[in-house]
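Here the structure is laid out as structure tokens; the discussion comes afterwards.
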Amino acid sequence: MYRIGFGTDFHKLEFGDGLWIGGVFLPCEFHSVAHSDGDVLLHALVDAMLGAMGAGDIGDHFPDTNNTYANLKSSFFVHETLSIVHAKKYKLVNIDCVVHLQRPKLSSVKAEICNTLSELLSIPLANVNLKCKTREGLDAIGKSNGWAADVAVLLEASS
Ligand code: MG
């Protein structure tokens, strides 16, 4: 049996020293305003995995009112969520991701992000896909006031 999940996340951008994107730090003129490291891609990934299991969302499992989770790297949330996936006897098949960011361009780190996601999730690189979209200078993302990510995942029941 297969189960599909979808996750989305948005964070405000302020001027800063860089962004965590899919577990990779990209030095740039922005900072993602968040309780954790503000990695929208990993947050959307966690929500997608939880969604596929019918297990709620990132806020249910890692509430930002709990200071245990403050300033943590988002890879922690991915590892914790992956253990839920495995405990429920699911296997992660593939992920398809979109990062919405006006600038900087992600072409220089796209391969590193895919490699990192493949390692974080223990799935083949061929099962990780990443697309990067600008907003043509329009809306909050286009004006670099925020950025977002969408992730779809497929889980397969392993039993
Ligand atoms: Mg978030």
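The values are calculated or read from the model by the stated rules, or taken from the named source; none is laboratory data. Please read these numbers as outputs of a predicted model, since none were measured by experiment. As a convention, Cβ positions derive from the backbone with ideal geometry for all residues, glycine included, and neighbour counts pool all protein chains shown. Accessible surface areas use protein heavy atoms only, side chains included; no ligands, DNA or RNA. Shrake-Rupley method; radii C 1.70, N 1.55, O 1.52, S 1.80 Å.
Residues of the range 102-123 include at least one that is assigned to a loop (DSSP other than H, G, I, E, B) and closer than 20 Å to ARG3 by Cα. Among the residues of the range 46-55, those that are within 15 Å of the ligand (Cβ to nearest atom) and either over 11 Å from the mean Cα position of the chain (by Cα) or open to solvent by 40 Å² or more (accessible area, probe 1.4 Å) (or both) comprise LEU50, GLY51. Do we find a residue being closer than 30 Å to SER158 by Cβ, within 16 Å of the ligand (Cβ to nearest atom) and surrounded by fewer than 16 Cβ atoms within 10 Å (Cβ to Cβ) anywhere in the range 91-102? No: zero hits. With the requirement that a residue be assigned to a helix (DSSP H, G or I) and either more than 9 Å from the ligand (Cβ to nearest atom) or farther than 17 Å from LEU72 by Cβ (or both), what does the range 10-45 give you? The answer is LEU41, LEU45. Scanning the range 58-74 for residues that are in contact with a Phe, Trp or Tyr (Cβ under 9 Å, 6 or more places away or on another chain) and closer than 22 Å to GLY18 by Cα, which turns out modelled with the lowest pLDDT? Only one residue fits best here, namely TYR69.
The residue of the range 124-159 that is nearest to ASP17 (Cα to Cα), among those that are part of a loop (DSSP other than H, G, I, E, B) and of a type in the set (Lys, Arg), is LYS143.
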